[in-house]
């Protein structure tokens, strides 16, 4: 059963010192990656998470390039021996119901990294946090950070309420570096006024979990399927999970999905499901296992992503529409890049914005490739299949982005060929 309201973490909570090298706010994939790698390098790390584990989170599909960060973290064997379905491909179903041939990752790169997994996020996130603790990080999962404290423009610590403490008794903990890894709540970016919505991606999503959904056979059993509805008004994801569960969600323009204030999540889901024969076929013998969940206006970016003594990682840095399952990959990779910059900062006693954010310009360029692919997905009348018929030389570029190989030179050249359908988005600085 998917845990939608997990009980508080029953582990004993460790004592918290008065100061650390690094405080990481948030224990999702980005935060736990930073914590693990900095602690492994000898840094004193405090990870502060408000929710007990396991906790519910959507975003279960891992793209192949997560392999390399997971390998560095030492977690591949745990995933290999887990019951998480193996993911070998992604498949697309257009608005007319035509199914593409699966994009098999092995066909593009015959390496172990081309097989990935569909994970239950509560279990996956707990594994990442426990790994950070095993490498020396101190973690509290009963921590309510009330404030990041600044001395002029430099972050110097946090005020945090631990356990049953009241806000009035929140304690101050100092640190040389504060990492905002708070996901879409973007704790620090929001308080500093840095969070800017992507007006081209004003979307809403409704999702739930089912048992008994149709699965393809063989290596297609764990495939992610993306299905568009009539007129490309919305699209569905279909992600097979362990224990006969499947994550099913629908995304579309927020003004379309919830045109009436009286629209319910269940009603919106049912309306769009009726417009998607491919999904109806997959769910015809399925039973819903949880309530419906919703989120709105979720694509955004931060106009500044590092400053003296602080930096943003993962979804706190920015979030893109989930159609290509980029979220966990970008969280892991940004956590890895940030950890390397922090370890170097500790060695050189340099906590400037330039040092802490030295990786972010290159990272942002990779993020923009995902963003452009999302933009193209939503363009009326545009078809990747038709594009590749005209430009077969860019099939490799497309698969590179789908698997997350977005940081190597030349990957984005296909977007130049797409021309005017993808006007450049309003830029955001990454200082």
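The values are calculated or read from the model by the stated rules, or taken from the named source; none is laboratory data. What you see is a predicted model; the values in this text were computed from it and never measured. Positions of Cβ are generated from backbone atoms using ideal geometry, with glycine treated the same way; all protein chains shown enter the neighbour counts.
Taking the criterion of being free of Cβ contacts under 8 Å to residues at least 40 places away in the same chain and either over 20 Å from residue 306 (Cα atoms) or in the same structural domain as residue 252 (by TED's automatic domain parsing) (or both), no residue of the stretch 317-342 qualifies. Does the stretch 365-388 include one or more residues that are closer than 17 Å to residue 305 by Cβ, touching a residue at least 24 places away in the same chain (Cβ under 8 Å) and in contact with a strand residue (DSSP E or B) (Cβ under 7 Å, 6 or more places away or on another chain)? Scanning the stretch 365-388 turns up at least one residue that is closer than 17 Å to residue 305 by Cβ, touching a residue at least 24 places away in the same chain (Cβ under 8 Å) and in contact with a strand residue (DSSP E or B) (Cβ under 7 Å, 6 or more places away or on another chain).
Taking residue 358 as the residue in question, decide whether it is surrounded by 15 or more Cβ atoms within 10 Å (Cβ to Cβ) and over 20 Å from the mean Cα position of the chain (by Cα).
So residue 358 passes the test.
Against the definition (out of contact with any strand residue (DSSP E or B) (no Cβ under 8 Å at 6 or more places or on another chain) and closer than 30 Å to residue 145 by Cα), how does residue 96 come out, yes or no? So residue 96 fails the test. Scoring residue 95 on the criteria (1) in contact (Cβ under 8 Å) with a residue 24 or more places away in the chain; (2) in a loop (DSSP other than H, G, I, E, B); (3) closer than 30 Å to residue 16 by Cβ leaves a single failure, condition (3). If you filter the stretch 230-241 down to residues that are surrounded by fewer than 23 Cβ atoms within 10 Å (Cβ to Cβ) and in contact with a helix residue (DSSP H, G or I) (Cβ under 9 Å, 6 or more places away or on another chain), you find that the one that is modelled with the highest pLDDT is 233. Which of the residues spanning the stretch 166-221 are in contact with a strand residue (DSSP E or B) (Cβ under 8 Å, 6 or more places away or on another chain), over 18 Å from residue 299 (Cα atoms) and assigned by TED's automatic domain parsing to the domain that holds residue 235? Within the stretch 166-221, 208, 209, 210, 211, 212, 213, 215, 219, 220, 221 meet the criteria. Of the residues 38, 24, the single one that is part of a helix (DSSP H, G or I), at pLDDT 95 or above, assigned by TED's automatic domain parsing to the domain that holds residue 139 and over 30 Å from residue 208 (Cβ atoms) is 38. Inside the stretch 58-92, residues that are under 19 Å from residue 333 (Cα atoms) and part of a loop (DSSP other than H, G, I, E, B) make up a count of 9.
The rows are residues; the columns are (1) touching a helix residue (DSSP H, G or I) at 6+ places or on another chain (Cβ under 8 Å); (2) without any contact (Cβ under 8 Å) to a residue 40 or more places away in the chain; (3) under 28 Å from residue 25 (Cβ atoms).
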site: 59; (1), (2), (3): yes, no, yes
site: 68; (1), (2), (3): yes, no, yes
site: 77; (1), (2), (3): no, yes, no
site: 86; (1), (2), (3): yes, no, no
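Against the conditions (1) under 28 Å from the mean Cα position of the chain (by Cα); (2) surrounded by fewer than 23 Cβ atoms within 10 Å (Cβ to Cβ), residue 170 satisfies every one except (1). Within the stretch 101-126, the set of residues being within 27 Å of residue 274 (Cα to Cα), over 17 Å from the mean Cα position of the chain (by Cα) and surrounded by 15 or more Cβ atoms within 10 Å (Cβ to Cβ) comprises 102, 103. Evaluate the following for residue 314: is it at positive phi, touching a helix residue (DSSP H, G or I) at 6+ places or on another chain (Cβ under 7 Å) and at pLDDT 90 or above? In short, yes. Of the strands (runs of 3 or more DSSP E) contained entirely in the stretch 244-340, those carrying at least 1 residues that are surrounded by fewer than 16 Cβ atoms within 10 Å (Cβ to Cβ) fall at 245-253, 293-296.
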